[in-house]
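Since the structure comes first, as structure tokens, the remarks are kept for the end.
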Amino acid sequence: MPTSDRFEGAKPPSPPRLKSTDLPKDMDGQAVEPEPFLSGHPILPEDMDIADLTQAQLYEMNQRLLEESMESERPLISPPEATSVLRNEYSNSPDFLAQIETLINRGYNIIIRAKGDGDCFYRALAFAYLDRLMRFTGHSNDRLAATTDMLAKAGFDECVYDQPYEMLQSLAQLRASRTNAREELWQSFTDPATSNYIVMYMRLLTSAQMRIDVQFADFLFDPESQMQTSVDDFCRRFVEPLGKEADHVQVAALAQALDVHVKVAYLDGHAADGQVNFVDFSENASHGGDPLLLLYRPGHYDILQKSA
Amino acid sequence: MDARLRRVNKEIADCKNDKSSNISIDLIDNSAFHLRGSFPGPKDTPYEGGTFEVDIVIPESYPFQPVKMKFVTKVYHPNVSSASGAICLDILKDAWSPVLTLKSTLISLQSLLCSPEPNDPQDAEVAKHYTTSKRSFEETARYWTQVYAGGSASRGKAPAKDPQRDEVAIAGPRKGTCGPIRGPRVRTIESRAYLTDSMIFHVHLLISSRPLSHGQIDVLRRLNYRGANVANISEDKVVEELLK
């Protein structure tokens, strides 16, 4: 298993700064310094409108988003860290801090970060899925083997999914008993050549589930226009291409396609008492055992684990 | 073998095995990442009877990023640059998905020939021609199909050779707004869409100092006598075509 000290030498380069020359000037002609967000998080809170922000705050938000988009040096899947590291990111936000304490107190001590590149949900879920397959020998790969039939049924060309499937299967054969199995899994997920094909396979499965299972049709809305859209249109534009973020409906579809219980912890700063909401997907999945745990923060998914 | 190469090889093989689609993909040098696709022009369109060749470049990040395609065969179509062959089609840009294949993308190009989108043009001048006079546009597209895509005149509708007919075809839908051109200062919106004033003036000096008729302007359109392409067409050729 990789240890965190291996990665300390590889600090990402500092991201570029936006020009601050366009910021409003005060009476003395000095640029107004942007005030930091109270939440310490660049994503706009739900109860705020972008029109309410001052120009300085908009600058701040842009800068944070730019920094996030520049995290090219960050691994696609990071080595495990203590959940307590999240405290540093929310030092100005008591509601978030209280929720982090709740998670730690309930034994959710480990976080494995996925890169924030729009594929984080799919990459995180695939990693959590394979990690569990690897560690618990009781699980079979039967369900995974059946997924190709599902993709064919959804109308995808075999040449589109056969190689991603092979890559996924070879990782699903990894067993924890083998030396360095977990290292190998982690290496595969940090190598874009493999990792992106795995993400693509997860996306195809999500799309196939939505195309085959009619119950999804009523819940597909264009995230840009908020208008209801067809299954085909939704899948083509918001599921199949890499880099398109997953919403609730994609999470539900992939949990069903893989027949796994997925549990998502919402770290959103919404509850003043530090309470954390957990949302279950496919709770009655036939894959027994503990659910796959994900940590959701507005706009981003990571993997959450209980310490062994 | 890397996954991209394996996928492309498989896609080429699939296309060869599928005789029903009429789509072909061939290697042009020894790389599987630079290909030449071709397909027949769709029936009941001005492109019928032609064979359209497409230059295909598979980027490093394929299939996560779109394949690069442009027409090698000159095509007269609002969504294809008449000069460079560049194509305006959403799936080749932001609407790409790794589910798409070389074959399905070429089929989409074929359908693009059936259903031009003049509101999202690649070639603004051709799009303008399409929206102002579809009939005249189709004649030019048909002529280009014959000249550049090897289409035979018997397969599609023959282009109007008779200047009289030509005149009618153009004058009809335009409701006479496009009068004869009397000199560089007297111009109409339509004619400017295809030829600059100086070019028209130049051509009209070339032949007889008489203003150009609609039919003659249309001949210049067919020859694509505009922009940088002017250098590729000899004056003799222009005069010969105009005086036919």
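Read-outs throughout are calculated quantities, based only on the coordinates presented, and are distinct from any laboratory measurement. What you see is a predicted model; the values in this text were computed from it and never measured. Cβ coordinates were reconstructed from backbone atoms using ideal geometry, including for glycine residues, and neighbour counts include every protein chain displayed.
Relative to one another, the C-alpha centroids of region A:251-308 and region A:158-201 are positioned 22 Å apart.
Applying a DSSP loop filter and a limit of 10 other Cβ atoms within 10 Å to the GluC sites (Glu not before Pro) in region B:44-149 leaves B:60. Taking other residues whose beta carbon is less than 15 angstrom from the beta carbon of residue A:150, and scoring Lys, Arg as +1 and Asp, Glu as -1, yields -4.
Counting only other chain Cβ atoms within 10 Å of each residue's Cβ, the peptide A:231-242 averages 3. Around residue A:239, what is the net charge, scoring Lys/Arg as +1 and Asp/Glu as -1 over all other residues with Cβ under 11 Å from its Cβ? Here the charged neighbours net out to 0. Normalised by 2.2 N^0.38 Å, where N counts its residues, the alpha-carbon radius of gyration of region B:3-114 equals 1.01. Using the Kirkwood radius over C-alpha pairs as Rh, can you work out the diffusion coefficient of region A:99-221 via Stokes-Einstein at 10 °C, viscosity 1.306 mPa s, in µm² per second? Estimated via Stokes-Einstein, D reaches 99 µm²/s. With 25 Å as the limit on Cα-Cα distance, the pairs of A:244/B:74; B:68/B:237; B:93/B:134; A:263/B:93; B:70/B:128 that go past it are A:244/B:74; B:68/B:237; B:93/B:134; A:263/B:93. Restricting things to alpha carbons, find the Rg to Rh ratio for region A:81-305 using the Kirkwood radius for Rh. Rg/Rh: 0.96. For region A:177-233, applying the loop criterion from DSSP together with a ceiling of 13 other beta carbons within 10 Å to the GluC sites (Glu not before Pro) yields A:224. Divided by 2.2 N^0.38 Å, where N counts the residues, the Cα radius of gyration of region A:174-308 comes to 1.16.
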